[in-house]
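The values are calculated or read from the model by the stated rules, or taken from the named source; none is laboratory data. Note that the structure is a prediction, hence the values are computed from the model and not measured. Here the Cβ is made from the backbone with ideal geometry for all residues, glycine too, and neighbour counts use every protein chain on show. SASA here: full protein model, heavy atoms, side chains in, ligands and nucleic acids out. Shrake-Rupley method; radii C 1.70, N 1.55, O 1.52, S 1.80 Å.
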Amino acid sequence: MTTYKCLLYEIKDGIATLTLNRPERLNALGDTLREDLQDAVTRACDDAEVRVIVLTGAGKGFCSGGDVKAMNERAAQGAERPLMERVAPGRDQTVLALRDAPKPVIAAINGAAAGAGMNLALACDLRLASTAAKFTQAFVKRGLHPDWGGTYFLPRVVGLAKAAELIWTGEIIDAEEALRLGIVSAVHPPEELMAAAYALARKIAAGPPIAIRLAKRALYHNLECDLRQALEFETFAQNICSETEDAREGIRAFVEKRAPTFRGK
């Protein structure tokens, strides 16, 4: 166990679970939570024993977004944001850490995912939701602009017109609507959510980590390039994978009609 003030960090069976832990504020991104999350993502990425990361929230919420109460308190005190938070905010580094993570990241969305909380979930590779989950781009309700990558991620998931509607209205949608729109890939009863997330994580963790790491890079790289560039990247990645012990093990296991054991080598 690694101790953080506002986040729980646990590793078991090659899976790092990062639990946002400010349940009294529905895990709003205040106090030390932003810093804790960025450090925990980096720590999990650097740990050779970790093959998959699961992100969830403590209590009834996944993440209610920015800590609006703290924002109001700072405004009342006349406090100014540090210059670096205006130029290169820590939230951007966290989003990039999730996207660049060499391990798949699964969001287990157990409750409200609002504003930055919804976009934090969108920054993960896969998303499962509880039937209790709610989603909203709440920024417009506060007179604010989306951050945490919302204007990048959301149109790529739901299309430009629907993303515009959600961002401009701040409409709240439930888990079933999020499933219909492709925001999440599955919906589970609250008591079954984490079991489902871990079942998926274990399935991925049993795979060849080098091939999965390169496939993640290819998926995101190829969203932004043409077919020729995508094919070139696939060839680059395949050349690396074909020289690994995992590839040799996978081929041997197929011939021998048994399940492969991948060691990340």
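Measuring with a 1.4 angstrom probe and ignoring ligands and nucleic acids, Arg213 comes out at about 120 Å² accessible.
Taking Cα centroids, how far is region 147-171 from region 175-218 in Å? Spelled out, the Cα-based centre of one part sits 21 Å from the other. If the reach is capped at under 24 angstrom between alpha carbons, list the lysines near Lys5, excluding any in the same chain fewer than eight residues apart. Lys5 reaches Lys60, Lys69. Largest first, the residues Val255, Val95 sort by 1.4 Å accessible area into Val255, Val95.
Expressed as a whole percent, the accessible area of region 149-265 that falls on carbon and sulfur atoms is 60 (1.4 Å probe).
In the full protein context, the chain carries 53 Å² of accessible surface per residue, based on a 1.4 Å probe and ignoring ligands, DNA and RNA.
The GluC sites (Glu not before Pro) of region 142-186 that DSSP puts in a loop, and whose beta carbon has at most 15 other beta carbons within 10 Å, are Glu171.
Full extension of the segment from Thr169 to Ala186, taken as 0.36 nm per residue of separation minus the current Cα-Cα distance, would add 3.6 nm.
Quick one: grab the alpha carbon gyration tensor of the chain, order the square roots of its eigenvalues as a ≥ b ≥ c, and give me rounded if a/c is under 1.5, else prolate or oblate depending on whether a/b is larger than b/c. Prolate. The gain in end-to-end length when the Gln93 to Lys5 segment is fully stretched comes to 29.7 nm, 0.36 nm per residue minus the alpha carbon separation.
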